[in-house]
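Scroll down for the structure; my scribbles are underneath it.
The values are calculated or read from the model by the stated rules, or taken from the named source; none is laboratory data. What you see is a predicted model, and the numbers here were worked out from it, not measured in a lab. Glycine also receives a Cβ, built like all others from the backbone with ideal geometry; neighbour counts cover every protein chain displayed. Heads up: the accessible areas ignore ligands, DNA and RNA and are worked out on the full protein's heavy atoms, side chains in. Shrake-Rupley method; radii C 1.70, N 1.55, O 1.52, S 1.80 Å.
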Amino acid sequence: MIPLAVPDVTGNEAAYLQECINSSYVSSVGPFVDRFESMVTEASGAAGAVAVSAGTTGLHLALHSLGVRPGDLVALPSLTFIASANAIAHCGAQPWLFDVDPDSWTVDVEQLAAVFRRDLQAAPNRPVHRPTQRPLAAIMPVHTLGHPADMDPIVALGREFGIPVIADAAAALGARYKQRPTGATGAAATVFSFNGNKTVTAGGGGAIVSADKDLLQRARHLSTTARVGVEYDHDEVGFNYRMTNLQAAVGCAQMERLDRFIQRKRHCQAVYREAARAIDGVDTFPEGPWAESACWFSGVVVQRGRPSKVADLRAALRADGIDARPFWKPMHLQRPYASVLVETQSVTNELWTRIVTLPCSTSITDSELNHVVAAIRRRLDQ
Ligand SMILES: *Cc1c(COP(=O)(O)O)cnc(C)c1O
């Protein structure tokens, strides 16, 4: 089976891990953690980075550090991985779900603005959602599949309503928004994931980046049990969310090859895009005019009105030894979030079932890509 996406750990990963063992720095303090943070800072265009244990814990810590508390609302697109919503729930807050724009699959900025103007009332600290009287504490755009959301109008909305923007950029390290790297888009915080299936992995891990050094300082403090000094003295309820030196060792070896990985991911998407243009019945993954996507996953979208084709195509490709998969089921259709606030989902509802993700490892060969394309053509031309 040609896999969907597997990590390429053929660089310095083994050597760096051996260094950790030799030095006995295997835990949450060590030179690779510092180096990893520098590399992520540099690649993201931010002022600094805090390396954490996962993308999910990074999101939770960023939300908490920016004041999201029990009972609050956080606005985000319904079409995302469940970790975005879970991080909000871990704060005791509630997701407020918006639709996506069909040309980028990122949050629908016009709906966001229109609904905010309709439903929010000004209050001393944060705007209040009139129908529920819950405060809106943050906006969380998601850089779907490594494709940046349209950040300028989102950051402007955040400023207008006096709330921070926390970007879920889990798979978007290496992407660009209007030529700017994803850590330099004006969000209060941007969070990356280094999970095993992401373009750059640390085995597992995450990072919060920001232009605000005080915020990073606070997040770092909270990530290490809010300990003060060397004795067992803690000044608030903290978390145990730091990345270990072992994870960072793998992460550093991966970061050394970031540009090549992104190039290869973009190449996969270009191949599938070209194929989808030529094959009747499928459309391409989108790329908005403001975006240079990191193309975490690639694939095709089965055209509307051919619902039975989706499952058929996936099954047929799998029978051909191609790991074709469905994509995220939206949050408003998930049991834990079945009763949260949800706006009209006209794009999301008709889109998500039609997405077919296809093999796109950074190590995939051109002949494997051609094999996938030929199989799609064969199945759809029947
Ligand atoms: C992968 C992913 C996450 C979660 O990251 P983990 O490191 O697996 O916790 C969050 N949001 C999105 C959009 C993701 O793709």
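Every Cα-Cα pair of the range 215-263 was included, and the share exceeding 16 Å stands at 56 percent. In a solvent-free Debye calculation with one equal scatterer on each Cα, what is log10 I(q)/I(0) for the range 1-59 at q = 0.15 Å⁻¹, listed in the order of the q values? For the range 1-59, the Cα-only Debye profile gives -0.64. Once the Kirkwood radius over Cα pairs is known for the range 18-163, the Stokes-Einstein relation at 20 °C and 1.002 mPa s delivers a diffusion coefficient of 127 µm²/s. What whole-number distance in Å separates the alpha-carbon centres of the range 331-382 and the range 60-89? What the calculation gives is 24 Å, centre to centre.
Legend: Rg and Dmax of the range 322-382, from Cα coordinates, 16.4, 47 Å. For the chain, the share of DSSP beta bridges that are antiparallel, to the nearest 5, is 65%. Applying 1/(1 + (r/R0)^6) with R0 = 45 Å to the Cβ-Cβ distance of D381 and T344 gives a FRET efficiency near 0.80.
The Cα-based radius of gyration and maximum Cα-Cα distance (Dmax) for the range 235-322 are 19.3, 62 Å. In this label model, D103 and V230 are separated by 6.0 nm, measuring between points 7 Å along each Cα→Cβ vector. In the range 158-266 the Cα-Cα distances spread across 5 Å bins starting at 0 as 2, 11, 16, 20, 19, 14, 9, 5, 2, 0 percent of all pairs. The Rg/Rh ratio of the chain, with both radii computed over alpha carbons and Rh defined as the Kirkwood radius, is 0.98.
Heavy atoms of the protein chains alone define the surface here; on that basis the range 163-276 has 40 Å² accessible area per residue at 1.4 Å probe size. When all alpha carbon pairs of the range 97-146 are counted in 5 Å bins from zero, the resulting P(r) reads 5, 20, 25, 21, 14, 10, 5, 0 %. Highest-first packing order for the peptide set 138-145, 45-52 is 138-145, 45-52, based on the mean count of other beta carbon atoms within 10 Å. Taking Cβ atoms as reference points and 14 Å as the exclusive limit, the residues near G92 contribute a net charge of +1, counting Lys and Arg as +1 and Asp and Glu as -1. R227 contributes an accessible area of around 120 Å² to the protein surface, as traced by a 1.4 Å probe with all chains present.
When the Cα atoms of the range 260-382 are aligned to their principal axes, the ranges along those axes come out at 46, 36, 25 Å in descending order. By the equivalent-ellipsoid construction on the alpha carbon gyration tensor, the range 102-193 comes out with semi-axes of 25, 13, 11 Å, ordered largest to smallest. Only Cα pairs under 8 Å and 6+ residues apart enter the sum, and on that basis the relative contact order of the range 1-158 stands at 18 percent.
Sorting check: for 57-68, 183-194, 259-270, which peptide has the highest mean count of neighbouring beta carbons within 10 Å, and how do the rest follow?
Working: 57-68: 25.5, 183-194: 27.5, 259-270: 18.9.
Final packing ranking: 183-194, 57-68, 259-270.
Unpaired Cys in the chain, meaning no second Cys C-beta under 4.7 Å: C20, C91, C252, C295. Of the DSSP H helices in the chain, those with a Cα length along their own long axis of 24 Å or more and a mean Kyte-Doolittle hydropathy reaching -1.0 comprise 258-278. Helix-only arithmetic for the chain: the sum of -39500 (n - 2.57) across DSSP H runs with n ≥ 4, divided by the residue total, places the mean residue ellipticity at 222 nm at -11500 deg cm²/dmol. With Rh defined as the Kirkwood radius, the inverse of the mean 1/r over Cα pairs, the Rg/Rh of the range 50-100 is 0.96.
Residues H90, H147, sorted by accessible area with the largest first, give H90, H147 [1.4 Å probe; ligands and nucleic acids excluded]. Computed extension gain for V26 through Q133, at 0.36 nm per residue and net of the alpha carbon distance, reaches 33.8 nm. Counting only protein chain heavy atoms and rolling a 1.4 Å probe, the accessible areas of E110, E343, E292 rank, largest first, as E110, E292, E343. At a Förster radius of 41 Å, what calculated FRET efficiency corresponds to the Cβ-Cβ distance of N125 and E274, to the nearest 0.05? Calculated transfer efficiency: 0.20.
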